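Right, one structure below, let's go through it.
The values are calculated or read from the model by the stated rules, or taken from the named source; none is laboratory data. The shown structure was predicted, so the numbers you read here are calculated from the model rather than taken from an experiment. Neighbour counts run over all protein chains shown; Cβ positions are idealised from the backbone, glycine included. Accessible surface areas use protein heavy atoms only, side chains included; no ligands, DNA or RNA. Shrake-Rupley method; radii C 1.70, N 1.55, O 1.52, S 1.80 Å.
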Amino acid sequence: MNVIPPLDITDVMLTSSTVVETAPAAYNAATTYALDATASVAGSAGLLTIYKSLQGGNTGNTPASSPSWWTVIGTTYQTYSGGATYALGDRVIDATAHLVYESLAAGNTGNALTNTTKWLEIGPTNKWAMFDVLRNTATSVPGSLTVVITPGRRVDSIALLGVVANSATITVTNGGSTVYTITKDLNKREVLDWYDYFFRAFATQPSLALFDLPPYTGAVITVTLTATSGNVQCGACVLGSYEYIGDVQYSAESDVLNFSTVTRNFDGSSELVPRRNVPKTVQQIWLEKSRVNRVRDLRDALNATPAVWAGLDDSSDDYFEALLILGIYKRFSINLRHPQHAVISLELEEI
């Protein structure tokens, strides 16, 4: 079992991202756009679609109806302005805090985003959604996603969760030289018999964890996710230095907390309200005596603090996903009944 306490990615650490947060100027039919120039087109409720020019000398070609001249590279929302008037349901971004807010009132003018009677915090902006610790908030862009992170400290692990992509490439450079690079094919197809071989649909692997990044202080880490069609999505990108807490034993359990409700009526009919399942695991871990105090320190450090818990370090193993949790521990007891080994009883829940 390897545990990665997440590194809190800040503006300084996120060197660059291909995800647009602050929209470029609105498209103007009289402007001549160069190759790779960008423009925004307003939609409803403050949504802005961002286009990139595919050719130089691009004049008078309406982005939405000129696919040979423009391509969509993402969406964002208008940046909040204290002088603007917002309708009920309009969304804005706070580009400093990297948060999206929704207007709770019509004619909303001059009300600060901290006014909870006028604004509802929705969550992180698309650019930053992959750096919180919730899988249900994801960064999503068409085609390809690249982020460059300079941690400024030693890290040796990375986990990508809630991924929709066909391939992932992680590269580490130090002093301008490449010291590590790996590309993972995320395509998968679970073939159990001949019927599956001929007819089962292809899918993609939703998670990836690596524990062998070279821990240079000045490392620059580049993550690229690529989809052959549609949108790339990343629910969480977690960087840190992992702690080994022992070997997971057989009879581990994969379970869920089910928040759906089933109500029985007087005649026996039922009303079903589907809600999300929250993954959980129950595991026993065999730990060497010499590591007990380090694990106790880790338990204190992760009190009500999310981390990546990987029961297996081989992402190609069929049990890998079942034993991978980005969440918190609900039970973390260390039984000292053996003279040279301890047994950890661990119960984890995704947040």
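Given the options Asp94, Asp132, name the one that is open to solvent by less than 50 Å² (accessible area, probe 1.4 Å), of a type in the set (D, E, K, R), closer than 30 Å to Thr305 by Cβ and in contact with a Leu (Cβ under 7 Å, 6 or more places away or on another chain).
Checking each option against the conditions leaves just Asp94.
What residue, of Ala112, Ala97, is without any contact (Cβ under 8 Å) to a residue 60 or more places away in the chain, small (Gly, Ala, Ser) and under 18 Å from Ala138 (Cα atoms)?
Step by step, each of Ala112, Ala97 is checked, and only Ala97 is without any contact (Cβ under 8 Å) to a residue 60 or more places away in the chain, small (Gly, Ala, Ser) and under 18 Å from Ala138 (Cα atoms).
Tell me, which strands (runs of 3 or more DSSP E) wholly within the range 24-96 include 1 or more residues that are polar (S, T, N, Q)?
Here the list reads 38-42, 47-53, 70-79.
Taking the criterion of being at pLDDT below 95, over 14 Å from Val72 (Cα atoms) and not charged (D, E, K, R), would at least one residue in the range 34-45 satisfy it?
Checked against the condition, which is being at pLDDT below 95, over 14 Å from Val72 (Cα atoms) and not charged (D, E, K, R), the range 34-45 yields at least one hit.
Here is a list: Thr281, Thr263, Thr228, Thr224. Which entry is over 30 Å from Gly175 (Cα atoms) and either open to solvent by less than 50 Å² (accessible area, probe 1.4 Å) or among the hydrophobic types (A, V, I, L, M, F, W, C) (or both)?
On inspection, the qualifying residue turns out to be Thr281.
Which condition breaks for Ser177 when tested against (1) more than 25 Å from Pro279 (Cα to Cα); (2) open to solvent by 40 Å² or more (accessible area, probe 1.4 Å); (3) at pLDDT below 95?
Here Ser177 clears every test but (3).
Can you pull out the residues in the range 239-268 that are in contact with a Ser or Thr (Cβ under 8 Å, 6 or more places away or on another chain) and part of a loop (DSSP other than H, G, I, E, B)?
Listed by number, the residues that qualify are Ser241, Tyr242, Ala252.
Pairs, please: C-beta under 8 Å, at least 6 apart or cross-chain, first residue over 15 Å from Asn231 (Cβ atoms) and touching a residue at least 40 places away in the same chain (Cβ under 8 Å) and in the range 10-21, second of a type in the set (A, V, I, L, M) and in a loop (DSSP other than H, G, I, E, B)?
Taking only residues 6 or more apart or on different chains, the pairs are Met13/Leu7; Glu21/Ala95.
Starting from the range 325-351, take each residue that is open to solvent by 40 Å² or more (accessible area, probe 1.4 Å) and list its partners that are of a type in the set (Phe, Trp, Tyr), counting only C-beta distances under 7 angstrom and pairs at least six apart or across chains.
His341/Trp286; Glu347/Tyr329
Among (1) at pLDDT below 95; (2) among the basic types (Lys, Arg); (3) within 20 Å of Val343 (Cα to Cα), which single condition is Arg276 missing?
Unmet condition: (3).
Need the failing condition index for Thr146 against (1) open to solvent by less than 40 Å² (accessible area, probe 1.4 Å); (2) in contact (Cβ under 8 Å) with a residue 60 or more places away in the chain; (3) part of a loop (DSSP other than H, G, I, E, B), just the number.
Going through (1) open to solvent by less than 40 Å² (accessible area, probe 1.4 Å); (2) in contact (Cβ under 8 Å) with a residue 60 or more places away in the chain; (3) part of a loop (DSSP other than H, G, I, E, B) one by one, Thr146 breaks only (3).
Just to be sure, is Pro274 in contact (Cβ under 8 Å) with a residue 12 or more places away in the chain, open to solvent by less than 50 Å² (accessible area, probe 1.4 Å) and closer than 20 Å to Leu134 by Cβ?
no
Select, from Thr59, Thr85, Thr125, the only residue that is open to solvent by 30 Å² or more (accessible area, probe 1.4 Å), of a type in the set (Val, Ile, Thr), modelled with pLDDT of 95 or more and under 18 Å from Thr38 (Cβ atoms).
Only one candidate passes the filter, namely Thr59.
Would you point out the residue of the range 299-323, among those that are among the hydrophobic types (A, V, I, L, M, F, W, C) and part of a helix (DSSP H, G or I), that is least open to solvent (accessible area, probe 1.4 Å)?
Here the residue is Leu323.
Is it the case that Asn187 is open to solvent by 40 Å² or more (accessible area, probe 1.4 Å), touching a Phe, Trp or Tyr at 6+ places or on another chain (Cβ under 8 Å) and at pLDDT 95 or above?
Taking the combined requirement at face value, the residue does not satisfy it.
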